[in-house]
Amino acid sequence: MNNDLNVLNIKKEDNMVIIKDISSKIFIFNVEKNIKSKIYLLLNIKEESKIDLNIGDNSNIEIILISTGIKSFDLNINLEPYSSLKLYSSDLYDADSNNNKIINLKDGSSFKGYEFLSARGFNISGVFHINHNESNTTSKSDFYYLSNKGEINRELSSIIKKGIKDSEAIENVKGILTSNDSKIDAKPVLIVDSLDVKASHGCAIGTIDENEIYYLMSRGLTREDAQRIISYSLIAPILREIDNLEFRELVEPKLLSAIGGI
Amino acid sequence: MAKLIIKDLWASVSGVTILKGINLELSTDETVAFIGPNGSGKSTLAYVIMGHPSYKVDRGEITFDGKDLLKMTTDERARLGIFLCMQNPYEINGVTNRDFIKEALDKKETNSNKIVSYYKFATKLEKAIEDLKMDKDLATRYVNESFSGGEKKKNEILQMKMLEPKIAILDEIDSGLDVDAVKIVSDNVNELKEKNGMGLMVISHYRRLFEYIKPDRVIVIINGVIAKEGDSTLLDYIDSNGFDSIKKEIGLVDEVTLLETCAFKR
């Protein structure tokens, strides 16, 4: 096999766990047409890679993608007509990273995304672009970021091209800064060149709201508990989706460590 | 029987004095109605008891069961058995009701070295949701996020039912509730009181609530002081005569009126 190219075809309709070291320059995952599946992906990125994930026509897929490693990657997800993808992702690096995620939507496809990133003393950059290339496409993306003495610069955009009809794009960003020297720059951007669409975005970045802490404390939680439970809320949407014990045991400690090991 | 005792309590917000020498005793078997005009200090008293950081205690004492509340943090007061049903509960995105209430219950039981099994917790939560006629998906929804006004108030009572406090302060728990919901909420409060012998401080602007939650005593707060105290017939008196009659009766003058009078004399 060519070391620069690796292809994995996903045909099974059951839930499956894929744990891979990515050490080739191009890695392609092909998900069959007309299947419904939940896929757990734990990728350890050892080389700078381009990863393609192709979702076949009319397939209904949920992917929980956790990446770790030392090198950056470009992820291209292509949704074929009438397919749908729920993607819960987190890049859990312990050093600077620049990972890019591009979602391409074809006719009638839908995308729901949740991305959690945590910068603890290092920098995270990169883009997350959603391209509505054809009509009848929908996307809803939530980006939850945590910065503790680190910096997150993320370019987030949904692009609806000219002539696209009956499409919808929603983007929401929540960022929590836990120290004075933390920074998050992650403005959601909507680039819309069509009239027949719905698009909205929201962004809230700041320290943990003192009123939220007070409310939790008024029910008996200590300040530390309150901060922990609010930070935990950033990874809870991912953990709630993981009903595979093997995968959970592998990724839960990494996610907990990303919010401060609590 | 434990008692909440407040002595000569003065408190301010942003340098403005709101409470001006409140004295009060409340036992864990009593229900006390707190009424008064808007801005008279009722909610301030509730928040001061619960240690909200925006409120400063300038003078006085608050003790519960002989313990000095003013030396305790908000969470310590809560674990001691004091609960505030808030008028405007905060929304916490990303934290589910179930996770939050379980965490609070675990924390409370840590004090008594009890372990709350998840099965017992889930059964109790399910029943409490049913008792309050709330949507079943409420447990997995984020705390108060996208809740209607009525759902938020019921969610406060749900937490109270789960945590079973010794003293509960209900701050305008009936505002935003329709007639049926007021009855449901009141029934749940009464049931918990009957079961555990909980003390209640009930703040409301509406007589209707006190038809369901019967007070042993009625306290009228005006301009940050306790202006009058009596039994439930005081509610009828206020209904007929308004708060102005009490102000006149005890010689209380609104600060605005006082300023206007001074300006006129000058």
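Values computed for the structure shown
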quantity: Among A:Ile10, A:Leu87, A:Gly202 the positive-end extreme of the charge dipole of region A:5-258 (Cβ point charges); calculated: A:Ile10
quantity: Length-normalised contact order of chain A in % [C-alpha pairs under 8 Å, at least 6 apart]; calculated: 11
quantity: Relative contact order for region B:3-265, counting Cα pairs under 8 Å that sit 6 or more residues apart, in percent; calculated: 26
quantity: Lys/Arg +1, Asp/Glu -1 at C-beta; the protein assembly as shown dipole; positive extreme among A:Ile51, B:Leu170, A:Ser24; calculated: B:Leu170
quantity: For region A:108-262, radius of gyration divided by Kirkwood radius, i.e. Rg to Rh on alpha-carbons; calculated: 1.03
quantity: Test item: Cα-centred dipole of region A:46-181, Lys/Arg +1 and Asp/Glu -1 on Cβ, debye; calculated: 180
quantity: For region B:1-120, radius of gyration divided by Kirkwood radius, i.e. Rg to Rh on alpha-carbons; calculated: 1.00
quantity: Kirkwood Rh in Å, taken over all unlike Cα pairs in region B:163-258; calculated: 14.8
quantity: Over chain B, equivalent-ellipsoid semi-axes from the Cα gyration tensor in Å; calculated: 34, 21, 18
quantity: In degrees, nearest ten, helix A:245-258 long axis to first principal axis of chain A (Cα); calculated: 50
quantity: Aspartates and glutamates whose Cα lies under 15 Å from that of A:Lys165, excluding same-chain neighbours fewer than 8 positions away; calculated: A:Asp107, A:Glu134, A:Asp193, A:Asp196
quantity: Calculated [θ] (222 nm, deg cm²/dmol) that DSSP helices of n ≥ 4 give over chain B, each run adding -39,500 (n - 2.57); calculated: -13000 deg cm²/dmol
quantity: Inter-probe distance in nm under a simple model that places probes 7 Å from Cα toward Cβ, at B:Phe121 and A:Ile159; calculated: 4.6
quantity: Candidate lysines for bridging to A:Lys38, where Cα separation is under 16 Å - those fewer than 8 sequence places away on the same chain excluded; calculated: A:Lys11, A:Lys12, A:Lys86, A:Lys112
quantity: Principal axis dimensions, region A:1-114 - Cα atoms, whole angstrom, descending; calculated: 37, 32, 23
quantity: Out-of-range pairs (alpha-carbon distance over 27 Å; input A:Lys162/A:Lys187; B:Lys56/B:Lys183; B:Lys71/B:Lys154; B:Lys7/B:Lys228; B:Lys133/B:Lys166; B:Lys102/B:Lys152); calculated: B:Lys56/B:Lys183; B:Lys71/B:Lys154
quantity: Per principal axis, descending, Cα span of region B:86-154 in whole Å; calculated: 36, 22, 21
quantity: Compactness of region A:172-215 - radius of gyration and Dmax, Cα, Å; calculated: 15.0, 45
quantity: ³J(HN,Hα), Karplus 6.51/-1.76/1.60, whole Hz, each residue of region A:191-199, x for Gly, Pro; calculated: 10, 10, 10, 8, 8, 8, 9, 10, 8
quantity: Histogram of C-alpha separations across the protein assembly as shown, 20 Å bin width, %; calculated: 19, 42, 27, 10, 1, 0
quantity: DSSP bridge orientation in region B:3-265 - percent antiparallel, rounded to nearest 5; calculated: 60
quantity: Listed residue (B:Ser43, B:Ile22, B:Ile222) projecting farthest to the positive dipole end of chain B, Cβ model; calculated: B:Ile22
quantity: Over region A:5-258, equivalent-ellipsoid semi-axes from the Cα gyration tensor in Å; calculated: 29, 23, 18
quantity: Using alpha-carbon coordinates, inclination of helix B:179-196 to the longest axis of chain B, degrees; calculated: 80
quantity: For region B:3-265, size of Cβ-based charge dipole, Lys and Arg +1, Asp and Glu -1, in debye; calculated: 560
quantity: For region B:134-190 versus region A:169-198, the gap between their alpha-carbon centres in whole angstrom; calculated: 34
quantity: Kirkwood-based Rg to Rh ratio, region A:113-196, C-alpha trace; calculated: 1.09
quantity: Shielding by partners - mean other protein chain Cβ count within 10 Å, residues of B:89-98; calculated: 6
quantity: Anchor A:Lys183: lysines whose Cα lies under 17 Å away (excluding residues fewer than 8 positions away in-chain); calculated: A:Lys149, A:Lys174
quantity: Nearest-ten-degree value, helix B:233-249 long axis tilted from longest Cα axis of chain B; calculated: 40
quantity: Cα centroid separation, region A:1-53 to region B:221-236 (Å); calculated: 72
quantity: Length-normalised contact order for region A:1-106 - Cα pairs under 8 Å, 6+ apart - percent; calculated: 22
quantity: Total charge dipole magnitude, chain A, about the Cα centre, Cβ charges on Lys, Arg, Asp, Glu only, Debye to nearest 20; calculated: 100
quantity: Residue-averaged 222 nm ellipticity for chain A, from DSSP H runs of 4+ at -39500 (n - 2.57), nearest 500; calculated: -5000 deg cm²/dmol
quantity: Within 10 Å of each Cβ in A:227-239, the average number of Cβ atoms from other chains; calculated: 3
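FYI, it's all coordinate maths here, none of it is from the lab. What you see is a predicted model; the values in this text were computed from it and never measured. No Cβ is skipped: glycine too gets one built from the backbone with ideal geometry, and neighbour counts run over all protein chains shown.
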